[in-house]
1. Tell me the label only: which of (i) 19.3; (ii) 19.8; (iii) 21.4 is Kirkwood radius over Cα pairs in Å as calculated from this structure?
2. Just G60, G135, G221 to compare: in a GNM of the chain, with alpha carbon springs under 10 Å, which one fluctuates most?
3. Quick one: grab the alpha carbon gyration tensor of the range 1-123, order the square roots of its eigenvalues as a ≥ b ≥ c, and give me rounded if a/c is under 1.5, else prolate or oblate depending on whether a/b is larger than b/c.
4. With a ≥ b ≥ c taken as the square roots of the eigenvalues of the C-alpha gyration tensor of the range 1-65, please select rounded if a/c is under 1.5 and otherwise prolate if a/b is larger than b/c or oblate if it is not?
5. List the lysines whose Cα lies under 24 Å from the Cα of K205, skipping any in the same chain that are fewer than 8 positions away.
6. Pick out which of E27, E192, E159 has the largest mean-square fluctuation in a Gaussian network model of the chain, springs linking Cα atoms closer than 10 Å.
7. Starting from the Cα of T23, step 7 Å along the direction of its Cβ; do the same at S43; then give the gap between the two resulting points in nm.
8. So what J values fall out for the range 131-147 if you push phi through Karplus, 6.51 cos²θ - 1.76 cosθ + 1.60 with θ = phi - 60°, rounded to Hz, Gly and Pro as x?
Amino acid sequence: MDKILLVEDDREISDMLKNFLLTENFEVVTAYDGESACSKFFSDSFSLVLLDLMIPKLNGIKVMEKIRENNTVPIIIISAKDTDSDKTLGLGLGADDYITKPFSVTEVLARIKANIRRSTQYTARTAQQKIIEKGRLVMNLNDYSVTKDGCKIELTSKEYEILKLLLQNPKKVYTKEQIYSLVWNDTYFGDENAVNVHISRLRTKIEDNPREPEYILTVWGIGYKLGETRDE
């Protein structure tokens, strides 16, 4: 069940929205001022925040700024302010949607569902992107680990970045200059030794036979690319 934080100081509007959302199988936590909104938000987990701008103690903009310091939860502003500048300000500071009072509860429901759906899809895509699999290799971008057949491979930071570059761009051929510039973040002066040494060490760690590599292939006269492994 999705949990919503409803921040609205008008008790009548708050009760109306809460009761309606409860009938739509949402869990609703209410707050009537900015300070309690922040306290409740940071002590729980929410799928979405419905936020009025004109609330006491701490206005809605300040509440949104605090939430956006470290959280991407969908925020829908509900406000009587309906000028383009107000909407631009709210959306520019991190709101995902803006609903002007007076509103219909069915419109609010539709906006809530759309924003939660987009957020859920984005989270799922992001989670998938953080795990890269290639044959028997698995790279986890969350904890910077690489495993092969379930066994952890210890890589240096440069080896890891070279492998990540190739895994994230499987069809691209990289010159040594490109690898050096992207991994070392420095200008390439024609010294191939740094790239060659790191590629050699990386192959020793991830290939069954470094002399006949499967994962990191040499494209003669150009550079390196990711290979098609036997396990694919």
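1. The listed entry that was calculated here is (iii).
2. G221
3. Values: a/c = 1.14, a/b = 1.08, b/c = 1.05.
The shape class here is rounded.
4. Values: a/c = 2.34, a/b = 1.34, b/c = 1.74.
Here the range 1-65 falls in the oblate category.
5. K205 reaches K130, K134, K148, K152, K158, K164, K171, K172, K176, K225.
6. It is E192.
7. 3.1
8. 10, 10, 10, 9, x, 8, 8, 10, 10, 10, 6, 6, 10, 6, 9, 10, 10
Every read-out reported here was derived from the displayed coordinates using simple, explicitly stated rules and does not represent laboratory data. Everything numeric here is computed off the predicted structure, so don't read it as measured data. Please note: Cβ atoms are built from the backbone with ideal geometry, for glycine as well, and neighbour counts cover all protein chains shown.
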